[in-house]
Amino acid sequence: MNGPAAELTIVVPTYNEGDRIVELVTALFKAAEAGGLSLALVIVDDNSPDGTGQLAERLAGQHRLTVVHRPGKLGLGSAVIDGISAASTAIVGVMDADFSHPPALVPRLYQAFVRTGADMLVASRYVPGGSTPNWPWRRRLLSRLACLMARPLTPIRDATSGFFLLRRSVADGVAIKASGFKICLELLVRAAPARLVEMPFQFEDRRAGESKMALREATGYLVQLRDLYRVRRSTPPPAARMYRRLAPGELD
């Protein structure tokens, strides 16, 4: 597409998101234009039977958008890594396709990333200003417990967030083992970015369809934690680590 070179690439893994992919792509590029951000998008589709990948290909003719087609459901972790590999910008972001992560926030995340000099910036539900409105108490409890179990591994309070930005070089050569939903935690430990920033946001529950969370994901998370604790014992994080927690509106 014509225009200035992209400053940020957003990676969106998809599986059966055909009923919202057009709306999401439109919202992302509209938000980027309003925020003065030159955006590129990579959609990584796991052979969705509802035709999400084909819809995304049509959108690629209208936007700076690349579609990565995979042969089946290979897991979110590898989808994110494939998307990062397909990105052309030095800074890459990851978000869900279901509008639980607000597209309008993307330009602000990018601005905060640049101004703080972060290696990885996590949009957080669990720092002051972050929230999960309308979640049932059981879901909130399980999510908080998952983050608490990861606390010795990273200062990030919402290590299970799926909404984050990082320097593409941070992920270069990192062998991702987890195929489930906790790719943020995987990168925090295996890539060990030295400069971490956490920024609050309000998580909006899925607007349509069913949650992808299941008991097998919880079991997989426990296995992932076991492996990551082994990694941390064998390879401690960099000594000169920076952690900064942004207050609501701090960089507005």
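Exposed loop positions in the chain were taken to be GluC sites (Glu not before Pro) whose DSSP state is not H, G, I, E or B and which have at most 14 other beta-carbon atoms within 10 angstrom. Between these positions, the longest stretch is 1-209. Residues whose amide H falls under 5 Å from that of residue 50, counting only those 5 or more places apart or on a different chain, are 16, with hydrogens built in the peptide plane. Only sites in a loop by DSSP and with at most 15 other Cβ atoms within 10 Å count here; which trypsin sites (Lys or Arg not before Pro) in the range 20-88 make the cut? When the trypsin sites (Lys or Arg not before Pro) of the range 20-88 are filtered for loop state and at most 15 Cβ neighbours within 10 Å, 73 remain.
What is the extension gain from residue 60 to residue 230, computed as 0.36 nm multiplied by their sequence separation minus the C-alpha to C-alpha distance, in nm to one decimal?
Values: separation 170, 0.36 × 170 = 61.20 nm, distance 4.16 nm.
In short, 57.0 nm is gained.
Residues in the range 68-76 carry Karplus couplings, in order, of 9, 9, 10, x, x, 6, 9, x, 5 Hz; the curve used is 6.51 cos²θ - 1.76 cosθ + 1.60 with θ = phi - 60°, and Gly or Pro positions show x.
Distances over 27 Å make up what percent of all Cα-Cα pairs in the chain?
32 percent
Lysine pair count for the chain (Cα-Cα distance under 19 Å; residues 8 or more apart in sequence or on different chains): 4. Close amide H pairs (under 5 Å, H built 1.01 Å from N) link residue 202 with 131, residues at least 5 positions away or on another chain. A cut-off of 5 Å between modelled amide H atoms, ignoring neighbours fewer than 5 places along the same chain, links residue 163 with 123. Pairwise Cα distances in the range 104-175 exceed 18 Å for 48 percent of all pairs.
A short reminder: the numbers here are calculations on the coordinates, not readings from a lab. These figures come from a predicted structure and were not determined experimentally. Counting neighbours? That spans all protein chains shown, and the Cβs are built from the backbone with ideal geometry, glycine included.
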